Structures are given as structure tokens and as C-alpha cells.
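As C-alpha cells, the structure follows; a few thoughts come after it.
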Amino acid sequence: MTGPAVDVSGLVKRYRQVTAVDGLDLSVQAGECFGLLGPNGAGKTTTIEVIVGLLEPTAGAVRVFGRTWGRDGRDIRSRMGVALQEARFPERLTVREVVTQFRSFYPKGPSPEALIGQVGLSEKSAEWTVRLSGGQRQRLALACALAGDPELLVLDEPTTGLDPQARLMIGELVLANRDRGRTILLSTHYMEEAERLCDRVAVVDRGKVIALGAPSALIGALGRESVVETIRRATLEDVYVSLTGRRLRDE
Amino acid sequence: MNEPPVRYNALIQMILCRWRESLRQPEGIFWTFVFPALLAVALGVAFRGNARPDPSAVVVVQDAGAEAVAASLARDGGLKVDRLPRGEADRRLRAGKAAILVIPGDPVTFRFDPDRPESVLARHAADGALQRAAGRRDPVAVAFQPVTEQGSRYIDFLVPGLLGMNLMGGGVWGIGWVIVEMRIRKLLKLQLTTPMRRRDFLLSHILARLAFVPIETVPLLLLARGLFGVSTAGSYAALAAVSLAGAFAFAGIGTLVASRAQSSNVVMGLINLVTLPSFVLSGVFFSTSRFPDFVQPLLRVLPLTALVDALRGVMTDGASVAAVSPQLLVLGVWSLLSFLLALKLFRWS
Ligand SMILES: Nc1ncnc2c1ncn2[C@@H]1O[C@H](COP(=O)(O)OP(=O)(O)O)[C@@H](O)[C@H]1O
Ligand SMILES: [Mg+2]
């Protein structure tokens, strides 16, 4: 594919009083894992919902696979898989039923059993979603996002609120999908996660991108400019603190 | 991938999931089966005997001459006569447990509320009994032939009303509530990021609803037949057609109710706004003829009135589909208008 998978320029999203996104630019290259990193309220969810065609931007342009929402909606949707922050599945449907339903929305894709297997939920496939743990629910969301064999995977805070083990598991699944050649756009407020999973990171604060680049480059740049602690390796957390003067609450 | 086409048909999958969800909700089962059945049984028993007012509860006030008056009244086998002191007698009359008080004396005084039909009947019965006991002879001999006509009892009136109520509840809760739940859970949003067609989404709700019509009607009909001998005078085909038309209209209204609401409180308020007045105004429990004439045309165009009237027409009068076409037309107009408006207003994300 030529050109970026996602291209956002000058994105503004204003609600009555709040400006959720305030002139944001980013582009996600095909095949990379791109992270939106920022604290709660930074504008990550709003940006993602504009990108996946759920919200109309107040200003700015969004292109996915080089196409715009509006005319090409159905085409974009069939090539993209999304997991939203806080989406909750029907309690009394089984894992298999939910995945089969999502699979039926797409023109092509793996079988529901294969999808469930990919996210390691085979043993739970006959279980109602209400009986799943937080990590299992998030993996179910991932299976649904993968249902159409997507080129682009968009995951809004896939690991928020999970215990470390569950977060590692989701992280491995994300990396496995990137290694299969999928493009991934994810948001997180965990620094170490962005560092570990993402090829490039946009640090978002108050609706704007305040730093953009490979995690190692961002950390390296920091090393040249400020006093580096020799005991502890510098992290993205330090990048954020040096840029904003604030610490990022890591829950 | 040689998969059965059903598996990957979005509309079929969505309908299947709606069914599974509904059938796995104990609350839903209660409101669909148990509650109407309980209502039918409770009201059917309470108003057994055609909801006939009971004019037989006559109380003779314990006073001079009470014994003679009571004896005279007792000669009419249809009267249940009690003798009580004045205070207790008045309390009974106020509570509606006595139809009339008879106060011995000259003249004998009848104390009753002329607005209560059973009291008026009791007055005539007691008067006649006293006059006959005192020697009046009726110039014309009459004989009585009591009949209990099936189809004219209160339970016969009630069952079509309960069916209509069930179909209305199924539509507004089964669609209105369910869609708003999906909106609150961000499931609607999530599904909109897939190539799912919006048309299929709405259609799945409507079709899933229509498939519930037998579940919402047949058990209640069977119960009413088994316990009270309520039968259907018209054809089952006509009954099915009317039920489907009603379910369709309320599916539209349910979709309209769900079109903008973003919280369960709002949708619950809207649902109550639709259903509670209907219970009173649409002739579910008592005939709409009790309302003044000038509001009758208004009541007739309410969706539940049209549905209940048509169900009653088929069940008690044996009406054909053609005979209830005015009601079907009303339901059709409601379906059309509510769906069009819902589509216009619907908040997708
Ligand atoms: N529908 C909305 N109406 C008003 N304000 C909103 C709405 N959605 C988000 N916001 C505000 O926009 C800002 C960015 O929110 P969000 O994109 O959810 O941030 P994040 O996902 O990074 O936590 C927050 O201040 C939030 O309160
Ligand atoms: Mg968010």
C-alpha cells in the first residue's frame, strides 16, 4: 500500500465549552504500531473516534487508507477493526455468539473459532461474557476487532484497568498482530507499554501532539538536553515530565 | 471457507442474538408470561360473574322493628341480610361492603348512594321484597331465565386487553429499552465501526420482535381458555394478523422512543409516557365508552385502542380481517409515522 494508513491534519474537536482536540496532526504508516500516549482527558479517545468515523471533526481532515469518511465509509470499515474504551458486550451472550455476530458484519475473515483461538479464549467460548475477567473481556474485544481480517487495528486503551499479567498478554497479542503486517493504532496512558509496543509514539497533551517519534529517539533526545540520572534508565515518563512539567499519573 | 451462509449473515446473526438475550432475561420472562397470567387470573376471579355489581348486601339497622323488616327481606332469596348497629352499618356502606341500609320505622328509610349501580338495584329489590311481604300482589306473573353467555363476561373483555398490553410492552421495552441499553454500553458505537448496515440493525430489532408475537400471545390464550373457557369466535388467522399489525406498530413506537435517549432514566420515562396513559385510555381494563363522547374519536386513534378493539372484534364478535380494517389502518399509520420519524431522529453515535 502506498501512503500512510491513517493521516490526520489540523484536527479540532470542540464541544460546547471543552476543546477536546486542538489542532492535532499525525500519520500512521502502514505496518507500524503507533501509540497515542497521554493522561486522562488528553483527547486520545476523541481523536480515535474521529479517525474511525464515529465523530465529525469541528475542523481538520482525516484520511484512512487515503480515503475520507462520507463516501467511502463502508469500504474503510471493512478493512479496519476497532476496540473502543469502555464498550461492554451483552452480558448474557457467549463468547462464541458475540464473535460470530461480529464476524457476520464483515465480508471476509477467519472463522469465529479461529478468532477465539487467536486471543486464547477457546476454553471460554461457551461462557457468558458477564463471567469473563477484565483481561478476558479485553481479549474478546480484540477478537471482535480482528473479525474482518483487518489491515488496520485501532485499540483505545486496550489495557487500562487490567492487572500486569493481563496487560502483558494483550501486549503480546498486539505485537503478534504487528508482526503479521497489520497496522496498529493504540492509545494508552502507560509509559512503559508505549515504549515496549510502539514503533512510534505521539505524546498528546490537552488535545495537541507535544512530541512525536520512536520511543528510543524521544528518550535519547531527552538525554542530550537534561541532566540524566545515571542510576535509572530514562523513560518516556521523563520525556513527558520534561515537556509538561507534570507527572503522568500511572494509576 | 465453506461455511453455512446463516453463520455469516449479519441480519440473521443479529436476530439470533436478540432472541438469545431476551430469552435469557428472567425479568423479560416475568413480564411476558407471569405478569399477564397473574393479572388474568386475579382479575378473572375477582370479576367472576360478569363483574355484576352485588346488590344483595343489605344491612338492616338494629332498631325497633328491625326483626320484622329483616324477616320480610329474607323472603326474597336473592338478598343477603345482615342486622347491625347504626355505626357499624354506616361504616359498611361507606366501605362499599353494604349496598344499602334499611332503617326500620314509618316510613322505612333506604339509605344508599344513587351513583352506585348495585345500590340502586338493591333499593328496588328491597322495596319490592318489603311491599310483597306487606301484601302487595304483582298483577303480572313473570318467570326468570338466567343465562351466562360466553363472550359477555368480564374475563372475555379482559383477555384481548391483556394481549394488547403484552404486545405493546414487548414493543416499547423489547426495542426501546434494548436499543438504549446498547447505546449506553457503547455497543451501538462499536458496531458502527464495522461494515454492519444500519438498515439491518433496525430490521433485526423489528423482525426479532415479530417472532416474539406467538410467545406473547399463545400462552395467555391457552391459560384463559383452560381456566375460564375464553374462546376465540373469529379465525386464528385474523387473530394472528391483528397481533402482528399491533406488534409492528409498537415496534415502530419502540424505535421512536429509543431514537435519541442516552440514559435509562430518559427511556424509562418515555416508555411510561407511552404505556401508562394507554392502560387507562385504551380500554384494556374497562371500556372506553366510560369517557365522554367528544374524546371518543381521539381515543379511537390511539394505537393500543385500535389494537385492543381489533383483538376484541376478532375474539368476541368473530370479526374478519376486513371488518377490523379501520383499526388495522390506524395501526398501519402509527407504524409508518413512527418508523419514519425514528429514522429521522435516530442518534447513531
Ligand atoms: N461528548 C463530550 N462532551 C463534552 N466534552 C467531552 C466529550 N467527550 C470528551 N470530552 C472532553 O474532551 C476531553 C478529551 O477527552 P477524551 O478524548 O476522552 O480524552 P482521553 O481519551 O485522552 O482520556 C476531556 O476533557 C473530556 O472531558
Ligand atoms: Mg479515553
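Each reported figure results from applying straightforward, stated rules to the coordinates on display, with no laboratory input. Bear in mind that the values here come from a model prediction, so they are computed numbers and not experimental data. Note that each Cβ is placed from the backbone with ideal geometry, even for glycine, and that neighbours are counted across all protein chains shown.
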Evaluate the following for A:Val28: is it away from ligand 2 (no atom under 16 Å from the Cβ) and either closer than 27 Å to A:Phe102 by Cβ or within 11 Å of chain B (Cβ to nearest Cβ) (or both)? yes
Taking B:Arg225 as the residue in question, decide whether it is in contact (Cβ under 8 Å) with a residue 60 or more places away in the chain and basic (Lys, Arg). no
Take segment A:167-188 and flag every residue that is farther than 21 Å from A:Asp149 by Cβ and aliphatic (A, V, I, L, M). A:Leu168, A:Met169
Does A:Ala114 satisfy being assigned to a helix (DSSP H, G or I), within 13 Å of chain B (Cβ to nearest Cβ), over 20 Å from A:Arg92 (Cβ atoms) and away from ligand 1 (no atom under 16 Å from the Cβ)? yes
In segment A:50-68, residue nearest to the other protein chains (Cβ to nearest Cβ) [restricted to those that are within 15 Å of ligand 1 (Cβ to nearest atom) and in contact (Cβ under 8 Å) with a residue 60 or more places away in the chain]: A:Val52
Out of all the residues in segment A:76-94, is one or more without any contact (Cβ under 8 Å) to a residue 12 or more places away in the chain and away from ligand 2 (no atom under 16 Å from the Cβ)? no
I'd like to check which helices (runs of 4 or more DSSP H) are fully inside segment B:286-348 and have at least 3 residues that are surrounded by 14 or more Cβ atoms within 10 Å (Cβ to Cβ) and under 22 Å from the mean Cα position of the chain (by Cα). B:303-317, B:325-345
Sort out for me the helices (runs of 4 or more DSSP H) sitting completely within segment B:148-253 that have 2 or more residues that are away from chain A (no Cβ under 14 Å). B:154-171, B:198-228
When you scan segment A:126-150, how many residues do you find that are surrounded by fewer than 17 Cβ atoms within 10 Å (Cβ to Cβ) and more than 12 Å from chain B (Cβ to nearest Cβ)? 5
Checked against (1) away from ligand 1 (no atom under 16 Å from the Cβ); (2) within 12 Å of A:Leu185 (Cβ to Cβ); (3) in a helix (DSSP H, G or I), A:Gly81 satisfies every condition except (3)
